[in-house]
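The values are calculated or read from the model by the stated rules, or taken from the named source; none is laboratory data. From a predicted model like this one, the values you see are computed outputs, not experimental measurements. The area values use the complete protein model at the heavy-atom level, side chains included, leaving out ligands, DNA and RNA. Shrake-Rupley method; radii C 1.70, N 1.55, O 1.52, S 1.80 Å.
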Amino acid sequence: MARWQLQKAGQREEHFCRFCSSALPDWKRALVAPAPVESAAAPEPIMVVTLGDVVHRLQVKPGPDGMREFQATIRSLFQIPEDVEFEVSFRCKAPTAIYDEKRGAALDTIQLDGIDSYEAATHCASLMAARRLATGDATFMR
């Protein structure tokens with residue numbers, strides 16, 4: 001159920017049943033990060049942002065302030081004027097993803113469309129950061 005709710009991030013179905021309109025439990029509780037190895041460093045959630053052939057790695061923060069900072073950074077990096085609206089889509093490794101060495105990619109990805117799905121995308125980035133820290137596996141950066 002949590003996987004389906006994540007896929008519906010930013011939409012009504014993220015929080016309510018589409019059939020009976022009952023409130024759904026918080027999907028973030030079901031998709032939790034692994035326990036980190038003993039370290040003083042907190043995991044740093046990273047998003048890779050691409051426009052054409054230009055690629056940037058950004059450290060991201062959750063919440064409304066993090067989203068505003070993300071939007072401002074995107075505008076700055078790609079010289080998007082303040083009066084121009086832009087669309088975003090987040091392609092995230094699913095929290096349950098397994099890395100496939102032959103393909104060089106996660107077996108399960110989710111596309112989240114629109115800035116309203118920023119919080120869900122940031123949560124996925126945080127889970128992948130925690131997984132990298134817990135396992136020492138840098139493949140989850142790819």
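Quick notes on this structure:
- Test: residue in segment 117-128 that is under 13 Å from the mean Cα position of the chain (by Cα), part of a helix (DSSP H, G or I), more than 22 Å from M1 (Cα to Cα) and modelled with pLDDT of 95 or more: no
- Those helices (runs of 4 or more DSSP H) lying entirely in segment 1-102 with at least 1 residues at pLDDT 90 or above and open to solvent by 60 Å² or more (accessible area, probe 1.4 Å): 63-77
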